[in-house]
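Trainee: Could you have a look at this structure, given as structure tokens, before my questions?
The values are calculated or read from the model by the stated rules, or taken from the named source; none is laboratory data. Here the structure is a predicted model, which is why all the values come from computation and not from measurement. Note that each Cβ is placed from the backbone with ideal geometry, even for glycine, and that neighbours are counted across all protein chains shown.
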Amino acid sequence: MSFAPLRSTHRNLYSWFATRPDLFASESSPRKRAVWTVVAVVMVVLSLVIYLNAEATVELLGGRVKGGLAIAGAFALPPVLLVVSVVMIFVGSRRWRVKGGGVLTNPVIYGVDGSFPILPLLEAIRNGRTDAAEITEGFAAAQDSLGDDLLLSIWSSDADRIMYVGVLRVDGDAVWLDEQPFRVGGADYFDAKALAAAASRRPPRVAGA
């Protein structure tokens, strides 16, 4: 099936997940929703305390003359954070799962510069666990080639022993997915987080070595 370049609204594979309802399902994360709900409640309480005790708040911050900016922040910030928290309850708490399967997590994401030889690393990942040593070497090289031209994003469902791997290209403020992410599963599946951790423990490469 042909794949047209996809402009992503995220620096991850969410936009692609949304185009494949046959493979993925979006849902609310109970943990994230709970966190943002707590933040929203705290902001409501803080706003009430500040606005119901306006004079005391002004005096506490040094009076209208000395504490001008602090006072403005104290009165404006809680309502702003409340609005942000409410939005995040419905938007930021979303997560994706394999349709009929487990939740997808993002254990590996590397940003590298445009000169990084990413194709050999992608080929090793396609080969899966049999190329674990080469994958670890590739991850270590990616860590030594930090940049923001290409983003290697790996999403895994340990429950299903499936991972989806994609490369995002950053072009100014735009993020593009030029090629369709590929799947690694079954006997080829490997623990990407463990290999990334192993790569991070390797000493940095010396330039020119």
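Trainee: Residues to consider are Val42, Val58; find the one that is farther than 28 Å from Leu168 by Cβ, surrounded by 14 or more Cβ atoms within 10 Å (Cβ to Cβ) and at pLDDT 75 or above. Write out each step before concluding.
Mentor: Working: Val58 fails: at pLDDT 75 or above.
When all the criteria are applied, what remains is Val42.
Trainee: Continuing with this model, one more query. Would you confirm, using the coordinates I've provided, whether Phe116 is more than 16 Å from Arg11 (Cα to Cα), out of contact with any helix residue (DSSP H, G or I) (no Cβ under 6 Å at 6 or more places or on another chain) and crowded, with 19+ Cβ neighbours inside 10 Å?
Mentor: Numbers: more than 16 Å from Arg11 (Cα to Cα): yes; out of contact with any helix residue (DSSP H, G or I) (no Cβ under 6 Å at 6 or more places or on another chain): yes; crowded, with 19+ Cβ neighbours inside 10 Å: yes.
Criteria met by Phe116.
Trainee: Moving on to the next point. So, restricting to helices (runs of 4 or more DSSP H) that lie completely within region 64-181, which ones have at least 2 residues that are outside the structural domain of Leu13 (by TED's automatic domain parsing) and either at pLDDT below 95 or under 28 Å from Thr19 (Cα atoms) (or both)? Reasoning before the result, please.
Mentor: On the way: elements: 68-90, 118-127, 132-143.
Once the helices (runs of 4 or more DSSP H) in region 64-181 are filtered for at least 2 residues that are outside the structural domain of Leu13 (by TED's automatic domain parsing) and either at pLDDT below 95 or under 28 Å from Thr19 (Cα atoms) (or both), what remains is 68-90.
Trainee: Ser153: touching a residue at least 60 places away in the same chain (Cβ under 8 Å), surrounded by 17 or more Cβ atoms within 10 Å (Cβ to Cβ) and not acidic (Asp, Glu), yes or no? Don't jump to the end; show me each part of the working.
Mentor: On the way: touching a residue at least 60 places away in the same chain (Cβ under 8 Å): yes; surrounded by 17 or more Cβ atoms within 10 Å (Cβ to Cβ): yes; not acidic (Asp, Glu): yes.
Yes: the conditions hold for Ser153.
Trainee: List pairs: first residue in region 129-146 and at negative phi, second residue part of a strand (DSSP E or B) anywhere in the structure, Cβ distance under 6 angstrom, at least six positions apart or on different chains.
Mentor: Correct list of pairs: Ala142/Tyr110; Ala142/Val112; Ser145/Val112.
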